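No value in this document is a laboratory result; all are computed from the given coordinates. Fair warning: this is a prediction, and the values are worked out from it, not measured in the lab. Glycine gets a Cβ as well: all are built from the backbone with ideal geometry, and neighbour counts include every protein chain shown.
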Amino acid sequence: MENSKKNYIKSLEKMEIILGNGFDLFCGLKTRYSDFFESNNASLQTKDWAIHLDFGRLKTYFNKEIENREQSAPPKTPKDSSLWHLFFYLKSPQKENSKWCEIEEEMLHSFERKENVNNNMSFWDMVFKLLSCETKAIPKYGTATNEDIESCGAYMLKKYGFESEEKIFFKHLLKELNMFEKDFGSYVLNQIKQNKDYYLNSEKLLKRLSTNTSKIVSIDSFNYSNLGKNKDRISFHNVNGDAQYPIFGIDSANIKINNPAYIFTKTSRRLIRDINSFFIAKLGDFKNVVVYGHSLNEQDYSFFFPIFDYLKLDDASQSTSIIFAYSEFEGCDSDEICMEQMEAICSIFYRYEKYLHPEREEMRLLDSLSAQGRIISRKI
């Protein structure tokens, strides 16, 4: 069975390669979120929060500002920190065990407005409510964590003062995210600099993915690294920016366009950075796709769904195919990686079929593609 898969992949022409963080991890870079948060790059912005944050003092400071509108002695914050460093620190209750939060997942949760939850307000809506509050009392927000809201509010109050205009408040949030992104990008650049074998390793892995790099039409990478000199002159594209200008964001399906948080969607951020046009220009060049080392998380569905559309995966008369590849590497269990990948594949195709046919009660697209041999999961 494995040999037949291998031979089938060898026969594929005009391949589009899509790379996730598993590619950089396999090539020797320490680019997990936990690696970043526990690195020297981020220590001043994350670990030191534990030293500087006194929640009792933050609340006292915040209450005094709200009640008196007078400048009191603000709590100290780590040098060069951003609001998002603080937010991700607060959202990582198991950080002492190296279990840090998933950045984009927590971003999504913080912007979601859910019916009958916290008066239909998101986490950041609540922070804004505090900063624009005309009353002396701090409002209560049901199940929301007041400590986290007040801590983020205190940070914003110290840096920007009171703000009554929602649009400006969300622009401040984006400015703070840009600071966090710059810090993460610097970390990636340092990782590449420290790992002298990265480019050689990436070249070898690409050959394993395609068996022949001449069959690769283009490479889309969700990583912030690049492929160095790229001897084969393969078209290469950083989907979410490179290490000089990385972007973090959320899927546009989860945020309505009239929501001020829409500026944090990947669709909006790519348009602003003008990094969508590359994909549009190359449509028509590839017939098959290999996805390697990508978690297929829902924040990237807005990228994958147009790819699936182009491949006409819903049309049984087509011969296009998609391969999901993975590898074992240090610190990861092979069975666990395989199981996580299968769950992610099932989830993305369920959502994709629901997007295509919202009226359907039973989702059978994945069954059909598997039976046709047009979708393959393979360890390399």
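Estimate the FRET efficiency between residue 376 and residue 14 by the formula 1/(1 + (r/R0)^6), using the beta-carbon distance for r and 25 Å for R0, to the nearest 0.05.
Details: r = 17 Å, r/R0 = 0.67.
Rounded to the nearest 0.05, the efficiency is 0.90.
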In what sequence do 106, 166 fall when counting other Cβ within 10 Å, fewest first?
166, 106
Per the rule of 0.36 nm per residue minus the C-alpha distance, extending residue 201 to residue 356 adds in nm 51.9 nm
Given labels modelled 7 Å from the Cα in the Cβ direction, how far is it in nm from residue 208 to residue 193?
2.9
Under a plain spin-label model, where a point goes 7 Å from the Cα along Cα-to-Cβ, how far apart in nm are residue 312 and residue 258?
3.9
Quick check on the exposure proxy: order 270, 113, 364 from fewest to most C-beta atoms within 10 angstrom.
364, 113, 270
Per-residue HN-Hα couplings for the range 333-338 [Karplus 6.51, -1.76, 1.60; θ = phi - 60°; Hz; x = Gly/Pro]
8, 4, 5, 5, 4, 4
What spacing in nm lies between the two simple spin-label points modelled at residue 132 and residue 364, each 7 Å away from Cα in the Cβ direction?
5.0
Going by average Cβ neighbours within 10 Å, how do the peptides 16-22, 374-380 rank, with the highest at the top?
16-22, 374-380
